[in-house]
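Worksheet: one structure, shown below.
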Amino acid sequence: MVYNILDYGAVGDGSTLCTKNIQAAIDAATLNGGTVLIPAGNFLSGSIRLKSNIDLHLEQGARLISSIRQEDMIDFSKEFEDDNADTGWEGGVFLFAYHEKNISITGQGIIDGQGRESFYDDDSDGGLHECPLAVKGFRPRMSFLEDVENLTVKDVTFYDSAFWTLHMAGCKNVLIDGIRIYNNECGPNNDGIDPDCCQNVIIRGCIIYAGDDSIVLKTTMPMAKKYGDCKNILIQNCIMRSHCSALKIGTETHGDIHHVTMSDCVVEDCTRGFAIWSRDGGCIHDINIHHITGNTRGYASSCRGGGGVVLWWGSGEPIFISATKRAGVERVPGKIRSIRMDHIFMTCEGSITIAGEDYSPISKVNIKDSEFIFKQQSSHIPEYLDESPSIRGCYKHELPCVYIRSGEDIVADCDFIIDDSVMNIFKKKEIRE
């Protein structure tokens, strides 16, 4: 059956709050299963609680707009106890589901997070307009979907999220197919897709433009306690553009992350291509990345009102693998091992960085049949190794094509081409410490 939100009193004028009308259609559809139809029009709403056995379907021309008023939002953090100060939870969420089954979000319509109302550009990077935007007001997540079994998100466009866009926590049997995410490329924390302690996830055929990381696999403390590992993740045929990483694993690693494959993707103008952080005790292993093309480059940082430097992590590294302690935290990061990469063709500005510690060495990393062209693409020539966030932070260091510290059984059997534009910087092909 089809449950058209117009039949429940929704008004598509873009200014009338339709939360109760949309929720009434969902509540009716979940009783026997069915499609909740968002027809053409502009529908403003507060938090929507998705329920089992429904398809939230957005027709061509439909625009579902998130309110950015805190009083219109579910404070999802009250659903669980969060005792981890560095997790960074925010309370508000637009699309919310908790302990449900058989949910899909489909159609050719647009889900609009109104992030433009939560950021402002103070032009603190000298007119380059590259540094993270300043934050104002309330920033709800576009979605928080916890413990959903059999979740499908297909074809829809997510636009201008104020915070994380598609945050799935403890979900199983997930298909993300052919979606488009277009967020402000200078927006802080507006990640694209965040599988958090999820299992059996396929992400394919997506276009993801974001300021923060395009796809992030993580195991946050509250979710790792309830759902365990993040595993069995397949990413393929995606185009990713970000002022951070295209694919990031970590930094939150309170549980293990393993058996991940990324293939046949394009990485465009990202600060990092593939980044793996172990910080919180969980082990990361059996990661396979192959047949990737694109480029990485640096972006501007800024100083705001004496409040310190605001920056993106990284400076154009195509591959970044790091296991070290957080600043001010005594827990030892987990091990990183069995990372395999092949047929990577990247133009880059920063070093391939594989940096462990004596207490957390990195082992069995194999990069083969690949080509890396080191070439200036921005005005920000790298001078630093950036291991933020960690006790090491960002520090000046001689930059080789490959930097390895506390690594065991590390092989980089690749072609390294150093362009004249950076010949005076990348004087060595490899440094091992």
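Starting from the Cα of Asn53, step 7 Å toward the Cβ, then list every residue of the range 1-42 with an amide N under 18 Å from that point.
1-4, 24-37, by backbone N distance to the label point.
For Glu100, which sequence-distant residues (separation of 5 or more, or a different chain) have an amide H within less than 5 Å of its own amide H, given hydrogens modelled in the peptide plane?
For Glu100, the qualifying residues are Val148, Glu149.
Need one number: nm distance between label points at Leu234 and Ile391, each 7 Å from Cα along Cα→Cβ, rounded to one decimal.
Each label point is offset 7 Å from its Cα along the Cβ direction, giving 4.1 nm.
Just to check I understand the Karplus step: with θ = phi - 60° and J = 6.51 cos²θ - 1.76 cosθ + 1.60, what whole-Hz values come out for the range 344-360, glycine and proline as x?
The phi angles translate into 9, 10, 10, 9, 9, 10, x, 6, 5, 10, 10, 10, x, 10, 4, 7, 9 Hz.
Charges at C-beta only: +1 for Lys and Arg, -1 for Asp and Glu. How large is the resulting dipole of the chain about its Cα centre, in Debye rounded to 20?
Numbers: 41 positive and 62 negative charges, 88 e Å.
My answer is approximately 420 debye.
If amide hydrogens are placed 1.01 Å from N in the peptide plane, which non-local residues have theirs closer than 5 Å to the one on Ile65?
Distant-sequence amide H within range of Ile65: Phe43, Leu44, Ser45, Asp112.
Would you mind calculating the gained length between Lys154 and Lys428 on full extension (0.36 nm times residue separation, minus the Cα-Cα distance), in nm to one decimal? The partial results should precede the final answer.
On the way: separation 274, 0.36 × 274 = 98.64 nm, distance 4.60 nm.
Full-extension gain reported as 94.0 nm.
Taking a spot 7 Å from the Cα of Ala28 along the direction of its beta carbon, which residues of the range 107-131 have an amide N less than 20 Å from it?
none
How far is the Cα center of the range 100-119 from the Cα center of the range 354-405, in Å?
36 Å
Before anything else, pin down the relative contact order of the chain: Cα pairs under 8 Å, at least 6 apart, normalised by residue count, whole percent.
8 percent
Given the convex hull over the Cα atoms of the chain, what projected area results after averaging over all orientations, in nm²? Before the final figure, lay out each step's value.
On the way: hull surface 77.4 nm².
Averaging across all directions leaves 19.4 nm² for the Cα convex hull.
Along the range 218-229, what does the Karplus equation 6.51 cos²θ - 1.76 cosθ + 1.60 (θ = phi - 60°) give for ³J(HN,Hα), rounded to whole Hz, x for Gly and Pro?
Values, residue by residue: 8, 9, 5, 4, x, 7, 5, 4, 8, 10, x, 5 Hz.
When the Karplus curve 6.51 cos²θ - 1.76 cosθ + 1.60 is applied with θ = phi - 60°, which whole-Hz ³J(HN,Hα) does each residue of the range 58-70 get, with x for Gly and Pro?
9, 5, 4, x, 7, 9, 9, 10, 7, 5, 10, 8, 4
Mind checking the angle between helix 19-32 and the chain's longest principal axis? C-alpha axes, 0 to 90 degrees, to the nearest 10.
Its long axis makes an angle of about 80 degrees.
Can you show me the helix-derived [θ] at 222 nm for the chain, built from DSSP H runs with n ≥ 4 at -39,500 (n - 2.57) apiece and divided by the number of residues, rounded to the nearest 500. It would help to have the intermediate numbers written out before the result.
On the way: 2 runs with 21 residues, N = 433.
Using -39500 (n - 2.57) per qualifying helix, the result is -1500 deg cm²/dmol.
Which of the peptides 130-140, 393-403 is most tightly packed, and how do the rest follow, judged by the mean count of other Cβ atoms within 10 Å per residue?
Going from most to least packed, we get 130-140, 393-403.
Which percent, nearest 5, of DSSP beta bridges in the range 2-432 are antiparallel?
In the range 2-432, approximately 5 percent of DSSP beta bridges are antiparallel ones.
Please list, in chain and number order, the residues 5+ apart from Ser143 or on another chain whose amide H is under 5 Å from its amide H, with Hs placed from the backbone.
Here Phe94, Leu95, His167 satisfy the definition.
Find, to one decimal place in angstroms, the Kirkwood hydrodynamic radius of the range 49-207, where the mean of 1/r is taken over every pair of different Cα atoms and then inverted.
16.1 Å
Provide, in order from the shortest bin, the percent of all Cα-Cα pairs of the range 253-401 in each 10 Å bin, continuing until the bin that contains the maximum pair distance.
In whole percents, the pair-distance histogram is 12, 38, 37, 12, 1.
No lab work stands behind these numbers, since they all come straight from the coordinates. Keep in mind that what you see is a predicted model, and the values were worked out from it rather than measured. Because the Cβ atoms are built from the backbone with ideal geometry, glycine has one as well, and the counts that use them run over all protein chains shown.
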